[in-house]
Structure formats: structure tokens, C-alpha cells
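K.L.:
Below is one structure. I have some questions about it.
The values are calculated or read from the model by the stated rules, or taken from the named source; none is laboratory data. As the structure is a computational prediction, the values presented were derived from the model and not from experiment. Here the Cβ positions follow ideal geometry from the backbone for every residue, glycine too, while neighbour counts run over all protein chains shown.
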Amino acid sequence: MSLFITFEGPDGCGKTTQARLLAEHLRARGYAVVLTREPGGTTIGEQVREVILSTRNRTMRNETEVLLFSAARAQIVAEVIRPALAAGKIVVCDRYADSTLAYQGYGLGLDLDALRAITRFATGGLAPDLTFFVDVPVEVGLARRQRGETNRLDQKDIEYHTRVRNGYWELVRAEPQRFVVIDGTRAIDAIQNDIRAHIERALHAQPVDAAHKPTYNLDTEEGRCKMKLVFAIVHNDDASKLTAALREKGHHFTLISTTGGFLREGNSTILIGVEEEKLEDVLHIVKANCITRTRYVNPMPPVMEPGELYLAQPVEVQVGGATVFVMDVERFEKF
Ligand SMILES: Nc1ncnc2c1ncn2[C@@H]1O[C@H](COP(=O)(O)OP(=O)(O)O)[C@@H](O)[C@H]1O
Ligand SMILES: [Mg+2]
């Protein structure tokens, strides 16, 4: 499994801080992670970075700057990012192609289509799976970068950075499925927790690689295991006690917080997959831990079209303060 994650946003928004914390977190969880930055990240790229940043190069044309950034990008994509992704690693990149569109495109007014074409050429079309846009008001970013000396900045700077910020928002609107907007004005830890939650989702939403797609033999008894799937609809106040007790006994579950729909808000739904012989134990744990709710909450019948199938033959039992459905399922081992 591979994942290409980029961080975007103005200078001072916290990209480098957050990218580093995320890389540490993912490594601690056992993932192979490559953390890199643009421009740079390769021997050639670091030299290009020096040319871009050097105060000797004050006369640099905007077009020259774009091409230098793109040159460094071509190098890092070919040398670092593609090989890492091919090896199944997670790549975390501090700035990538969106920076060109935001800064040189929206900020400086260069032609967006031309920038997209140059970027495609440099990257071979490699786009991130997930991009965190760490958004802060222009003044906040500038103040963090300048350590408070914002009054040194003239109005031109402010207007340019405002165009860049608005430009990022245009990019987000054009590709909402790729971008995650993060409010960068909060504490570093709060931001990082947000980012980790999104990554968790992305890691679990990975499409199954066709080559690794498991196959199942539905025709033989071999590799089959009769299971029960338990839906426990519980009061929110009981949910964490119940999950802790299930975890302690080694049961596998997923907790879904109910936000309305055909279940009532304030409830949680806990799905527990369990071998038949352990069902009694699970129901006992539910009963012992679900005491808060006094009123019996029945899920409303779902809206159905003729021919639709919904929760095939659930068996409903009342266990303590929870509403519990138990379904027969089978687990198939892949071979
Ligand atoms: N959420 C935050 N709150 C306050 N200060 C922050 C926060 N995130 C980063 N900083 C500080 O702001 C400065 C710029 O952060 P950095 O991560 O280098 O931003 P970027 O890479 O986006 O330019 C650093 O001094 C950093 O410690
Ligand atoms: Mg940085």
C-alpha cells in the first residue's frame, strides 16, 4: 500500500511542523515513510533551491522561477517520490505542485493553463492522493514567519499573500475530494490530531490492488467460519465503557457514532464480529455495561423500495440498556 500526501499553505502556517509530526507518527505505527520537501529533497533539487532563494538573484524572472521549481520537482518525482510509492511507502511532501498554481498562478498572475502543462511535464502527471491545506489568515502566517514584525511589510505583500490564500481556496473547490482544509490557527497538537484522523481514513479507504485481491472459495466448507454480527445500539454514555470491556476480552468491533438518520442522535452503534461460541460472552458484556438508557429506542423502519433488501432476518433481543440485533454471517478465509 502506498500513499502520497502533500502539505500546502502559506509560509508560517505550520506545514513543516505538521509534516514532521505526521511522519513520526506513521513511522511509530510501523509504516515506511519518506518525508521530503520542495524545492529540494535531491542533490540537484537542493542546488536549484539555492538558486531560487539566493539574494544574489534578485533579477530572476517569474517564468524563470517557475521553471526552476519545476526542474527541482521533476527530479524529486523521478528520484524520490515514484520509487518510494512503487516500493509501497508513504510519501509526505512539504509543498508540491499546488504551490506553483497558488503562488506563481494566483499570486503573480501567470497563466494557470501554462503552469498546469509545465507541471504535468515535470511530474509525468503524478498527483497526490491527499493534500492538507493548512489555512491561516495572511497576517498569522506572516507574523509567525517574521516573528511579529508584520509592520515591516507593505500593503503589496499583504495583497499578494491574500491572492495566494484565495488561490488555494480555488484549488480546494476544484478538487474537494483530494484536499483536506485544516484550520492552522489552533494549537499544534489539535491540528496534528485532526490530520491523523484524516490519514487513518485514507489508509483504510485504499482500494484493493487487483494483484493482491483475495479470492474466496464459496463452494467448499474449507476456510469457512460461522460467525455472528452483533449490532448493539447503545447510549453514548455507555459506549466507551462497552468498547473498553470488549477490547479487554479480545473481541473485534467497530464503533459508529450515530448522528441521526433512522437511529436516534446520542446513541452509538457498535458492530461486533464474533465466532458463534463466543456470542454469549459478548451479549453478557453488553448487558453488564449498558445501563444508562431507560427508554427502549427502536430503529425506525428504513425507507424501502420494492425489491430492496434490508438487514436480512435480524433477531432482536433486548440486552440491558441496549438494543441488539444479531445476524448470521460467515467468514471466508482467502486462499
Ligand atoms: N499551530 C501553531 N501555533 C503556533 N505556532 C506555530 C504553529 N505551527 C507552527 N508554528 C510555529 O510557526 C513557525 C512556522 O512553522 P512551520 O512549521 O515552519 O511553517 P511552514 O513550514 O508552513 O512555513 C515555527 O516557528 C513554528 O514553531
Ligand atoms: Mg516550512
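K.L.:
So which residues in the range 166-180 are more than 13 Å from Gln18 (Cβ to Cβ), touching a helix residue (DSSP H, G or I) at 6+ places or on another chain (Cβ under 6 Å) and away from ligand 2 (no atom under 16 Å from the Cβ)? So that I can check it myself, show each step before the final result.
P.N.:
First pass over the range 166-180, keeping only residues more than 13 Å from Gln18 (Cβ to Cβ): 166-179.
Cutting the leftovers down to touching a helix residue (DSSP H, G or I) at 6+ places or on another chain (Cβ under 6 Å) gives us 167-168, 171, 179.
Within the range 166-180, Gly167, Leu171, Phe179 qualify.
K.L.:
Oh, and also: Do you know which residues across the range 122-134 are assigned to a loop (DSSP other than H, G, I, E, B) and either within 16 Å of ligand 1 (Cβ to nearest atom) or not acidic (Asp, Glu) (or both)?
P.N.:
Going through the range 122-134, the residues assigned to a loop (DSSP other than H, G, I, E, B) turn out to be 124-129.
The answer is Gly124, Gly125, Leu126, Ala127, Pro128.
K.L.:
Which residues, counting only those in the range 39-58, are surrounded by fewer than 21 Cβ atoms within 10 Å (Cβ to Cβ) and within 15 Å of ligand 1 (Cβ to nearest atom)?
P.N.:
Of everything in the range 39-58, those that are surrounded by fewer than 21 Cβ atoms within 10 Å (Cβ to Cβ) and within 15 Å of ligand 1 (Cβ to nearest atom) turn out to be Arg49, Leu53.
K.L.:
Would you mind stating whether His198 is modelled with pLDDT under 85 and in the same structural domain as Leu26 (by TED's automatic domain parsing)? Break it down stepwise before answering.
P.N.:
On the way: modelled with pLDDT under 85: no; in the same structural domain as Leu26 (by TED's automatic domain parsing): yes.
Criteria not met by His198.
K.L.:
Take Gly14 and tell me if it is under 28 Å from the mean Cα position of the chain (by Cα), surrounded by fewer than 16 Cβ atoms within 10 Å (Cβ to Cβ) and touching a residue at least 60 places away in the same chain (Cβ under 8 Å). Spell out how you get there, then give the answer.
P.N.:
On the way: under 28 Å from the mean Cα position of the chain (by Cα): yes; surrounded by fewer than 16 Cβ atoms within 10 Å (Cβ to Cβ): no; touching a residue at least 60 places away in the same chain (Cβ under 8 Å): yes.
In short, no.
K.L.:
Let me ask something else. Looking only at the range 134-141, decide whether some residue is within 16 Å of ligand 2 (Cβ to nearest atom) and not aliphatic (A, V, I, L, M). Reasoning before the result, please.
P.N.:
Residues of the range 134-141 that are within 16 Å of ligand 2 (Cβ to nearest atom), as a first pass: 134-136, 140-141.
Subset that is not aliphatic (A, V, I, L, M): 135, 141.
Yes, some residue in the range 134-141 is within 16 Å of ligand 2 (Cβ to nearest atom) and not aliphatic (A, V, I, L, M).
K.L.:
Regarding Phe121, is this residue surrounded by 24 or more Cβ atoms within 10 Å (Cβ to Cβ) and among the aromatic types (Phe, Trp, Tyr)?
P.N.:
Details: surrounded by 24 or more Cβ atoms within 10 Å (Cβ to Cβ): no; among the aromatic types (Phe, Trp, Tyr): yes.
So Phe121 fails the test.
K.L.:
Does Thr323 count as at pLDDT below 85 and closer than 26 Å to Arg201 by Cα? Write out each step before concluding.
P.N.:
Working: at pLDDT below 85: yes; closer than 26 Å to Arg201 by Cα: no.
Criteria not met by Thr323.
K.L.:
I would also like to ask the following. Condition check: within 16 Å of ligand 1 (Cβ to nearest atom), polar (S, T, N, Q), touching a Ser or Thr at 6+ places or on another chain (Cβ under 8 Å) and closer than 19 Å to Thr6 by Cβ. Does Thr119 satisfy that? Give the derivation first.
P.N.:
Working: within 16 Å of ligand 1 (Cβ to nearest atom): no; polar (S, T, N, Q): yes; touching a Ser or Thr at 6+ places or on another chain (Cβ under 8 Å): yes; closer than 19 Å to Thr6 by Cβ: yes.
Here the answer is no, as Thr119 does not meet what is asked.
K.L.:
I would also like to ask the following. Would you mind stating whether Phe133 is within 21 Å of Leu171 (Cα to Cα), buried (at least 16 other Cβ atoms within 10 Å of the Cβ) and in contact (Cβ under 8 Å) with a residue 60 or more places away in the chain?
P.N.:
Details: within 21 Å of Leu171 (Cα to Cα): yes; buried (at least 16 other Cβ atoms within 10 Å of the Cβ): yes; in contact (Cβ under 8 Å) with a residue 60 or more places away in the chain: yes.
Taking the combined requirement at face value, the residue satisfies it.
K.L.:
Would you point out which residue out of Arg20, Arg29, Arg95, Arg61 is surrounded by fewer than 21 Cβ atoms within 10 Å (Cβ to Cβ) and within 16 Å of ligand 1 (Cβ to nearest atom)? Can you show your working first?
P.N.:
On the way: Arg29 fails: within 16 Å of ligand 1 (Cβ to nearest atom); Arg95 fails: surrounded by fewer than 21 Cβ atoms within 10 Å (Cβ to Cβ); Arg61 fails: within 16 Å of ligand 1 (Cβ to nearest atom).
One residue alone meets the criteria, Arg20.
K.L.:
Failed condition for Glu200, given (1) farther than 12 Å from Leu22 by Cβ; (2) in a helix (DSSP H, G or I), with all others met?
P.N.:
It fails just one condition, (1).
K.L.:
Answer with yes or no whether Ala114 is surrounded by fewer than 19 Cβ atoms within 10 Å (Cβ to Cβ) and under 26 Å from Asp157 (Cα atoms). Lay out the reasoning, then the answer.
P.N.:
Numbers: surrounded by fewer than 19 Cβ atoms within 10 Å (Cβ to Cβ): yes; under 26 Å from Asp157 (Cα atoms): yes.
Yes; evaluated as a whole, the condition is true for this residue.
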